[in-house]
1. Would region 178-187 turn up any residue that is of a type in the set (Gly, Ala, Ser), at pLDDT 95 or above and buried (at least 24 other Cβ atoms within 10 Å of the Cβ)?
2. Can you find a residue that is under 17 Å from ASN103 (Cα atoms) and modelled with pLDDT of 95 or more anywhere in region 155-162?
3. Pairs under 7 Å by beta carbon, first residue farther than 19 Å from MET227 by Cα in region 35-56, partner among the charged types (D, E, K, R), six or more apart or different chains?
4. Taking region 1-34, which residues are hydrophobic (A, V, I, L, M, F, W, C), in a loop (DSSP other than H, G, I, E, B) and without any contact (Cβ under 8 Å) to a residue 40 or more places away in the chain?
5. Counting residues that are of a type in the set (Ser, Thr, Tyr) and in contact with a helix residue (DSSP H, G or I) (Cβ under 9 Å, 6 or more places away or on another chain), which strands (runs of 3 or more DSSP E) fully inside region 50-164 reach at least 2?
6. Please work out which one of (1) in contact with a His (Cβ under 8 Å, 6 or more places away or on another chain); (2) of a type outside the set (Lys, Arg); (3) touching a residue at least 40 places away in the same chain (Cβ under 8 Å) is the condition CYS139 fails and give its number.
7. I'd like to verify a number: residues in region 80-121 that are among the basic types (Lys, Arg) and modelled with pLDDT under 95, how many?
8. Out of ALA149, ALA174, ALA131, ALA170, I need the residue that is open to solvent by less than 20 Å² (accessible area, probe 1.4 Å), out of contact with any Ser or Thr (no Cβ under 7 Å at 6 or more places or on another chain) and without any contact (Cβ under 8 Å) to a residue 40 or more places away in the chain. Which one?
Amino acid sequence: MNNFKNYRASPDLLKDRVILVTGAGQGIGRIAALTYAAHGATVILHGRRVEKLERVYDEIEAGGGVQPSIFPLDLEKAGDKDFQAIAHAIKLQLGKLDGILHNAALIFSLTPLENQTLEQWLSMLRVNLVAPFALTRACLPLLKASPDASVIMTSETHGHDPAAYWGGFAVAKAGLEVLAKIQAQEWEMLPNLRVNVIIPGPVHTPQRTRTHPGEVKQDLRPPEDLMPGYLYLMGPDSNAVRGQTLFC
């Protein structure tokens, strides 16, 4: 267990950096986007529902942050051309990219494997595993051009320690750890690039409400408690941390 509670990020930790946050409309993604903006970053807000992203956009502007951008995309249906289009738009509109937080997630319900359909597995693999690979690959030229670029992948406890009923979601999240290790090794000769996985544990989010509807939410940590870890991994202080799976 990594203790990020003692990490104190400077107010301008992410000044002049452009950071893409997937799943920014709610939960951890929303709080991360607000936090990155509060520390000086220009945040690119990704999600499926524009109205949610617009609310986060307004929150960032109301808080005095740099004007963000909105890039909606359904990761479940996206193909190579869609990911390339996002990368192209980022280059045209912002000219650079210094980090990606892969936080978008899809889970249906906790059921035995025999009750999970092929369509559900394909959807969960596309959103939770394929999209982080494809989006990172599409944005790689921009990341390589950054003097200090960080990619963070949000995983989940049951991807690291599998358990019954988590099925395709856990398998996809487990794949993120393998993906990050492979990518980190391939980037060993690129000192300006790094990738890591963060596992938040039980947090009060819409996803947690879906998987544990009867849980007492007041007993869970809010996403804000995780932000020291997300700031540390996105900022320059973590430059030497590569290919790690960290618990928050």
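1. Taking every residue of region 178-187 in turn, at least one turns out to be of a type in the set (Gly, Ala, Ser), at pLDDT 95 or above and buried (at least 24 other Cβ atoms within 10 Å of the Cβ).
2. No, region 155-162 contains no residue that is under 17 Å from ASN103 (Cα atoms) and modelled with pLDDT of 95 or more.
3. Going by the 7 Å Cβ cut-off, the qualifying pairs are ARG48/ASP74.
4. Hits for region 1-34: nothing passes.
5. 149-154
6. (1)
7. The qualifying residues number 0.
8. It is ALA170.
The values are calculated or read from the model by the stated rules, or taken from the named source; none is laboratory data. Source: prediction; values computed, not measured. Glycine also receives a Cβ, built like all others from the backbone with ideal geometry; neighbour counts cover every protein chain displayed. Ligands, DNA and RNA are stripped out before the accessible areas are found, and what is left, the full protein with its side chains, is counted by its heavy atoms. Shrake-Rupley method; radii C 1.70, N 1.55, O 1.52, S 1.80 Å.
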